[in-house]
1. Let me have the 222 nm mean residue ellipticity of the chain computed from DSSP H runs of 4+ only, each contributing -39500 (n - 2.57), with the sum over all residues rounded to the nearest 500.
2. What helices does the chain hold that run 15 Å or longer along their axis, going by alpha-carbon atoms, with a Kyte-Doolittle average of 1.0 or more, using DSSP H for the helix calls?
3. Give the shape of region 75-127 as rounded, prolate or oblate, defined through the alpha-carbon gyration tensor: a ≥ b ≥ c are the square roots of its eigenvalues, a/c under 1.5 means rounded, and otherwise the shape is prolate if a/b is larger than b/c and oblate if not.
4. Find how much the distance from Met1 to Leu14 grows on full extension, using 0.36 nm per residue of separation minus their present alpha carbon separation; answer in nm with one decimal.
5. Two decimals, Cα atoms only, Kirkwood Rh: what is Rg/Rh over the chain?
6. Cα-based count: Lys pairs in the chain below 22 Å, eight or more positions apart or different chains?
7. In angstroms, what radius of gyration and Dmax does region 27-94 have, counting Cα atoms only?
8. Taking only C-alpha pairs under 8 Å that are 6+ residues apart, what is the relative contact order of region 48-127 in percent?
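We did not get these values from a lab; they are worked out from the coordinates using the rules stated. Quick caveat, the model's predicted, so the values are computed rather than measured. Here Cβ is always computed from backbone atoms with ideal geometry, including for glycine, and neighbour counts include all displayed protein chains.
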Amino acid sequence: MRAYIDADILIWHLRGEKKALEFLRRLREDPGFELWTGAMQRAEVVFFMRPAEKSATLLFLSQFSTALVDETVIDKAAALYRDWRPNHGLDINDAILAATALTTGGRIYCLNRKHYPMPELLVSKAW
């Protein structure tokens, strides 16, 4: 199964959070999971990295496959956004990752499950 890692976990790992390292190591060692991230989550990391962080950040991200965003994902994300934005404050990046996971059958790992209120979505808190 694809394990989609949300940007919050990626960022905490890059900041040196031991819990993030331990969590990612456990997932990587589990043969039942493939490490993935969404296109928008990768963007959240690389858009804001500092020049001195570029090599280490890109090396770290090379351990993850990045899900492509196509019209199927965008159309699904738009429907999720319209349904969940009014009462739950769903943002565009989270809607796209949710649509990606729903389209591919993956599970999202994050630190705040409230970002993904959809009952049909597989979501787990990392720690």
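1. Numbers: 6 runs with 67 residues, N = 127.
It lands at -16000 deg cm²/dmol.
2. Flagged H segments are 92-104.
3. Details: a/c = 2.00, a/b = 1.22, b/c = 1.64.
Note, shape of region 75-127 comes out oblate.
4. Values: separation 13, 0.36 × 13 = 4.68 nm, distance 2.42 nm.
Answer, rounded to one decimal: 2.3 nm.
5. Details: Rg = 14.1 Å, Rh = 14.8 Å.
Here the Rg-to-Rh quotient is 0.96.
6. Details: Lys18/Lys54; Lys18/Lys125; Lys19/Lys114; Lys19/Lys125; Lys76/Lys114; Lys114/Lys125.
Value for the chain: 6.
7. Every Cα atom of region 27-94 included, Rg and Dmax give 14.9, 41 Å.
8. Once normalised by length, the contact order is 22 percent.
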